[in-house]
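Enquirer: Okay, here's the structure, questions in a sec.
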Amino acid sequence: MSGDGHAAGGGHESRDVRVAPIALAFVGLVLSTIASLLIVYVVLRTFTMSDVKESTPASPLAIAAGRKAPPEPRLQIAPRDDLRRLHAREDALLHGYGWVNREAGVARIPIDRAIELLAERGLPGQDRTQGEGRK
């Protein structure tokens, strides 16, 4: 017999692996996992129920106030929609007419028209001859 650990007849194991102990170990592992999950569930359920029974009731003032929205600023639920609405409001301000202060006679005009008027008339308080002399 040689000292390399092989069987005398062939160079491979002479018997197969026993499947029964492996299957029993797997079944035992599954059963112990299920049992531990059930134990954890029962313990947590028991603690939750006892905590609910022992906790003090909510303040009558809190119940009377009801649920209110948190103060500003709030989290955005749909940021893309909010951004679209913001751009629509900005476009309406930039491209439309409206009053800024009706009593003072201050109005808002479209930005394109404001640029045209500024090019024609220049800035208020600016002497037209100064601008032409610099060229």
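Every number in this text was worked out from the coordinates using simple rules, so none of it is lab data. Nothing here was measured: the structure is a model prediction, and the numbers come from that model. With ideal geometry, Cβ positions are generated from the backbone for all residues, glycine too; neighbour counts draw on all protein chains shown.
Enquirer: Calculate how large, on average over all directions, the projected area of the Cα convex hull of the chain is; give the answer in nm² to one decimal.
Expert: The orientation-averaged projected area of the Cα hull of the chain comes to 31.9 nm².
Enquirer: Which helices of the chain meet both criteria: a Cα extent of 27 Å or more along the helical axis and a mean Kyte-Doolittle score no lower than -0.5, with helices taken as whole DSSP H segments?
Expert: Correct list, ordered by number: 19-54.
Enquirer: Treat each spin label as a single point 7 Å out from the Cα along the C-beta direction, and report the ARG15 to LEU38 distance in nm.
Expert: The modelled label-to-label distance comes out at 3.6 nm.
Enquirer: Then there's this: For ARG108, enumerate residues with amide H under 5 Å from its amide H, sequence gap 5+ or separate chain, H modeled in the peptide plane.
Expert: Placed amide hydrogens put GLY98, TRP99, VAL100 under 5 Å from ARG108.
Enquirer: On a full-extension model of 0.36 nm per residue, what is the gain between LEU118 and PHE47, subtracting their alpha-carbon distance, rounded to one decimal in nm?
Expert: Answer, rounded to one decimal: 18.1 nm.
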